[in-house]
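First up is the structure itself, then whatever we jot down about it.
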Amino acid sequence: MSVTYYHINDLDMLGKEEDYVPYLYKPGKGWVVDNDNILMDRIMGYDKSEPENSPYGIGNLSMMERVTEISQKEAENIIKNL
């Protein structure tokens, strides 16, 4: 099983990708599937505000800077302090 944890900087949220499935941590609910692509949009640098043919729609650095990979221990500490 492959798990990578992330801090979503602009939303101050916790996310993880587990076996290619993105999740968000919701206090009181635990890990829920990220059906709105909040995490993956940032990982891939997808900016939906860009025009359809724009070369900046994918790989947009300003979107990618909104997420930081963190360790499992860091994720556990964040959850503990929520």
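The values are calculated or read from the model by the stated rules, or taken from the named source; none is laboratory data. Computed from a predicted model, the values in this text were never measured in an experiment. Note that we place each Cβ from the backbone using ideal geometry, even for glycine, and neighbour counts take in every protein chain shown. To get the accessible areas, we keep the full protein, side chains included, count just its heavy atoms, and leave off ligands, DNA and RNA. Shrake-Rupley method; radii C 1.70, N 1.55, O 1.52, S 1.80 Å.
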Among TYR25, TYR20, the single one that is surrounded by fewer than 14 Cβ atoms within 10 Å (Cβ to Cβ) and of a type in the set (Ser, Thr, Tyr) is TYR20
Residues of region 45-82 being open to solvent by 60 Å² or more (accessible area, probe 1.4 Å), at pLDDT below 95 and of a type in the set (A, V, I, L, M), in sequence order, are ILE58, LEU61, LEU82
